[in-house]
Amino acid sequence: MAKKSLLVLVLAAIVAGGAFAQEAKWYNSYAPGIDGSNLLVNVGIGFGILPYKMSLPPISASIEYAGLKIPLSIGGYFGIAGYDEDVGFTNYSATMTGFGARAAWHFGLLENLDTYVGLNLGWMIYSQKVHTPEIKNSYGGTPAIDTENDLSAFFYGFNIGARYFFTKNIGVYVELGYSAISVASAGLSLKF
């Protein structure tokens, strides 16, 4: 927990330091392809954070507004993932849903490449179902057991990412970091 908190503080210091920089350099400007008046949309698939067999790989979508005077975009995030696995006689299945706000500081390095570091804050809902079938043996056996648990909690995450635009409005993205349901994701980027 202390390591995550320290990393969040370091990222916040980087973003805050960039926000107060006076000169317009690579660390204080949008990429040339992002003119500061665009909606940036990512839709992608990720790699899960659970060590179970995925029944629904992490699917996420985000939208950010990049029309601020500084290279900071703000917006929202939604993601969902699920798993289903049999362990012995018992079946475990769960769905994780995360949603919240996100912000990213952009670095203007190359014409069609938007690189950024971001922070996510939001809420995660975790719904688990456990089913153990009836087991019969010479002693009479055990009845079937079905349990359901719903948990929800605040989450925070961080990521680094890059978008590369092939055309004025269509590109691809890659993000690494924790976003409630995955540690890495890639997919389609759109700019409006």
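No value in this document is a laboratory result; all are computed from the given coordinates. Quick caveat, the model's predicted, so the values are computed rather than measured. Cβ: placed from backbone, ideal geometry, glycine included. Neighbour counts: every protein chain shown.
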Near residue 129, which aspartates and glutamates are there with a Cα under 14 Å away, not counting those fewer than 8 places off in the same chain? 84, 85, 86, 146, 148, 150
Selection from 133, 123, 174, by position along the positive dipole direction of segment 119-192 (Cβ): 174
Aspartates and glutamates whose Cα lies under 19 Å from that of residue 191, excluding same-chain neighbours fewer than 8 positions away: 35, 64, 111, 114, 175
